[in-house]
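What follows is a single structure, written as structure tokens, with notes after it.
Rule-based calculations on the coordinates, nothing more; no lab input. Bear in mind that the values here come from a model prediction, so they are computed numbers and not experimental data. Using ideal geometry, Cβ is built from the backbone for each residue, glycine included, and neighbour counts are taken over all protein chains shown.
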């Protein structure tokens, strides 16, 4: 690890100010950033630790939406009874991120800001018609995620919360990569009235995406069989040690059907 | 001694591991936990290129970097006249010539040969400073074509070593070729199987580490290192690399967190820190990062084999032929040459009466990390070959997988049994272990379970594997004749202290095996004293007479036998002391339950009374007997030991995803006499997890450029508890004790890793029978299984 400055602001105003220092980098749970720094693959000038900012913590469950503040740890999502009642699929998702050590440190804000192409949360944000809230604006999910590790965040912009629309039903089906246990292919399915939203993570070279064909078919008929005739193309899918594009394309459909069944379809 | 003390530590009792108290409370003392006064740190700059010529190497900026004490390259090593890393085994090729044995420099000399090859050693006050300085080194390498795939290594157009232009280290064969061909000539059926035994990375929990220290006052070196055999390191490094005589070199291997073979070998880093500690006048410490372990610890397995099995019409084996390529990697690691030869071809009889066997092995150099023994070492490769081809043969002949084995087993009345590949099995009962595991797994009920699973859309399969291994390595004269540059005996010293406590100094080394418990049970049993009064000392060349270390499931069979030898000498001397004390004839003294008794009388002396007399020899036969009570014994085994067993594995395959759910794993082992069944079962459990890991999840991948994409836990999967079922392990059901060592023990450390891979693959191939799948290479990842199913599906639909 290279030397760096470390600051832990006590409020959002100071945090934004600190992000103005040279080569500043926001630190939340540090579950990606810290290993990267240990391997000397990142060299931030200043680490701005956001975990001491009270405005960034907590879960609010409303009648139509839930808001999870950015520095809320996965374990807090996993254990929130209120959230489990509102969107159980989200709680399930959090409970299967990494291992207990990761879940005790990692945060939702860090996850969406990093936008790892195999991370779980981005699929939930996309499927649940989510909004990423920052210190100066609100960004819809489709605008926020801009490809592998790329987001709409600007310099000095800090994610403060993620707001999700409450679905009628939802399910997250994660097919794990055997070593990392990130999503080799993960499908988050949410149903709002007749509308089905299908977001896929882990599969595409362009990061998280919604699958229009599957959404259309499931919006017309919310059954596993409805997904069968949908063509899921392997074009643009990731090729790596653990899965070919064809395997990933196949898994998208299998995981989608399982999600439909889990939603009672 | 109270009765309950006897029973808790008695031979055969599941005594809890004494060492676990310190391990489980974080009080273990591992190499990296140790810090020496004035210690400095070394960081190695390693090659990021698989094969190339060093064009530019400029270390001046690193030397000037803050905190740097020294920067060494091959030039400095050469200037001091040091040797390279030695190889401990020489193979004689089929044509009578010796194997090609290229130099293995401590730091790369002129050329780099694998990603991870160390080029520069930077020593600084702190590890961070050493790393900062290493980044200031200019290292430019002109890349050469990388030799990666051994199957095409002969024609790769590039030579890893100039001495081996076709990248062949040796071309060796064993067995009666003519007789084997005659067997094939009369065969009613021949089964052929081509397969890969996949490369593995050991991934011991504790990364390798070492500290070198030089005491200028006495001109004495100390090396603390993560080793399975500190005396072997002292011998190899002292005699062949650094020219330090034994009395000036102490090697310590303290608590070591797992080895699995990868910590047997002498590594360049050990020599470097020891040598450098004198040069810089400071202790020098090195601890591998995990990512460094991936590219510097010896890897395991990596065979490509074509096997053929000739049978008569009833499935009786007539002959077996195997042609194997074994990957040596870029340099010859300590025992690498013997693994695919003498530890592999000699095991190809398995549990069967195959009358003729021939095996050819070509060992290849590639631009990959050196490959050496890994839990089982050659024997898993032999077992996998046999147990896979037998199942394929059974499928082709329409025979049940158990039945074909029964038709070919060596029968209990055939022991001692001489195989056509040079081994003499002393004892065994393969029908019994097979029958037992079939009962454990409810073999008869499998078809009903298969149908029930099919109703849920799952493909269920059951796979059998019957392994044998040769442990208790090994008679020194035999291994010497086969090319070993060492003897393979073991040494032990038993010191009875004045008040009757006992210190046992063993040349075996425990790095997870539980010797401090098992060995104490042996001593407690033999001397009739509580285990609490016994300490087991290991891992220090200054305290222990000698040792060849722990690998090849040899510790109890060889090291334990040496302890027994020393105890026999102790008891013989103590009887003479007791006879003097009780004014009786030594012939009348009997030793039982920790008491020296005069037969036929009520006269008795406790063990501690005799030991006290030995050290306070006031009333003592001083004219004829020296004081003191301490004896050393070296035990050289008369034969290998032959543990054997039968394993069944049951799986459910999800045809939609290719995911394998291992629903059952049953092991029936014959380890001969069992000292501590809990530890033995634990060894089998660990071995099963490791073997299953190889079979379905551990994927070591080199790309065409010799890079290692599976070089971290993000891509190299280790089996975790939730990947595995609860194992059913029975280790003492039959028990045909070893006939040639005093404890009757055979060794249990590798069995699980040897027997389980073919059991799992056989189960998956069985499950995929409806798809016409005959074989798949390990690891059986979900993608691979799904691809096989997907490829077969259109064909099925068309039928």
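Want the number for residue A:55 to residue A:2: 0.36 nm per residue separation, take away the alpha-carbon distance, what's left?
Numbers: separation 53, 0.36 × 53 = 19.08 nm, distance 3.02 nm.
Extra length available between residue A:55 and residue A:2 comes to 16.1 nm.
Cut-off 15 Å, label point 7 angstrom out along Cα-to-Cβ of residue B:588: give me the residues of region B:599-628 whose amide nitrogen falls inside.
It comes to B:599-605, nothing else.
Return the FRET efficiency for the residue pair residue A:34, residue B:712: r is the Cβ-Cβ distance, R0 is 22 Å, and the value is rounded to the nearest 0.05.
0.90
Rounded to a whole number, what is D in µm²/s for region A:5-48 from Stokes-Einstein with the Kirkwood radius over alpha-carbon pairs (4 °C, 1.567 mPa s)? List each step's numbers first, then the result.
Working: Rh = 10.7 Å.
Value of D from the Cα-based Kirkwood radius: 121 µm²/s.
Taking a ≥ b ≥ c as the square roots of the Cα gyration tensor eigenvalues, with a/c under 1.5 meaning rounded and otherwise prolate when a/b beats b/c, else oblate, which class fits chain B?
Here chain B falls in the oblate category.
Going by how many other beta carbons lie within 10 Å of each one, how would you line up B:431, B:488, fewest first? Don't skip to the end; give the middle numbers.
On the way: B:431 17, B:488 21.
Exposure proxy ranking, most exposed first: B:431, B:488.
Compute the Rg/Rh shape ratio of region A:48-181: radius of gyration over Kirkwood radius, all on alpha-carbon atoms.
That ratio equals 0.93.
Take the Cβ-Cβ distance between residue A:146 and residue B:456 as r, set R0 to 41 Å, and report the resulting FRET efficiency rounded to the nearest 0.05.
0.45
Going by how many other Cβ atoms sit within 10 Å of their own, how do B:403, A:215 line up, fewest first?
Ordered by Cβ neighbours within 10 Å, fewest first: B:403, A:215.
Using only DSSP helix segments of four residues or longer, with each worth -39500 (n - 2.57), what per-residue ellipticity at 222 nm results for chain B after dividing by its residue count and rounding to 500?
-8000 deg cm²/dmol
Taking a point 7 angstrom from the Cα of residue A:101 along the C-beta vector, which residues in region B:209-243 have backbone N less than 19 Å away?
In region B:209-243, the label zone of residue A:101 (backbone N under 19 Å from the point 7 Å along Cα→Cβ) covers B:209.
Please work out the FRET efficiency for the pair residue B:36 and residue B:219, using the Cβ-Cβ distance as r and a Förster radius of 22 Å; give the result to the nearest 0.05.
Values: r = 17 Å, r/R0 = 0.78.
After rounding, the FRET efficiency stands at 0.80.
Once you place label points 7 Å from the Cα toward the Cβ at residue A:22 and residue B:447, how far apart are they in nm?
Distance between label points: 7.9 nm.
Averaged over A:177-185, how many beta carbons belonging to a partner chain fall within 10 Å of each residue's beta carbon? Each step should come with its number before you reach the end.
Details: counts 4, 16, 11, 6, 4, 1, 0, 3, 1.
Counting Cβ atoms of other protein chains within 10 Å of each residue's Cβ and averaging gives 5.
Take residue A:261 and residue B:413, extend 7 Å from each Cα along the Cα→Cβ direction, and tell me the distance between the two endpoints in nm.
5.6 nm
Take the Cα of residue B:173, step 7 Å along the line toward its Cβ, and report every residue of region B:364-408 whose backbone nitrogen sits under 19 Å from that point.
The answer is B:364.
Mind giving me the nanometre distance, one decimal, between the label points for residue A:81 and residue A:11, set 7 Å out from Cα along Cα→Cβ?
Using points 7 Å along Cα→Cβ, the separation is 3.4 nm.
Taking each residue of B:653-659 in turn, how many C-beta atoms of other protein chains fall within 10 Å of its C-beta, and what is the average?
Mean shielding by partner chains, rounded to a whole number: 3.
Which of these, A:101, A:146, A:239, has the largest mean-square fluctuation under a Gaussian network model of chain A (Cα springs below 10 Å)?
The residue that fluctuates most here is A:101.
Note the full-extension length gain between residue B:135 and residue B:166 as 0.36 nm times their separation in residues minus their Cα-Cα distance, in nm to one decimal.
7.6 nm
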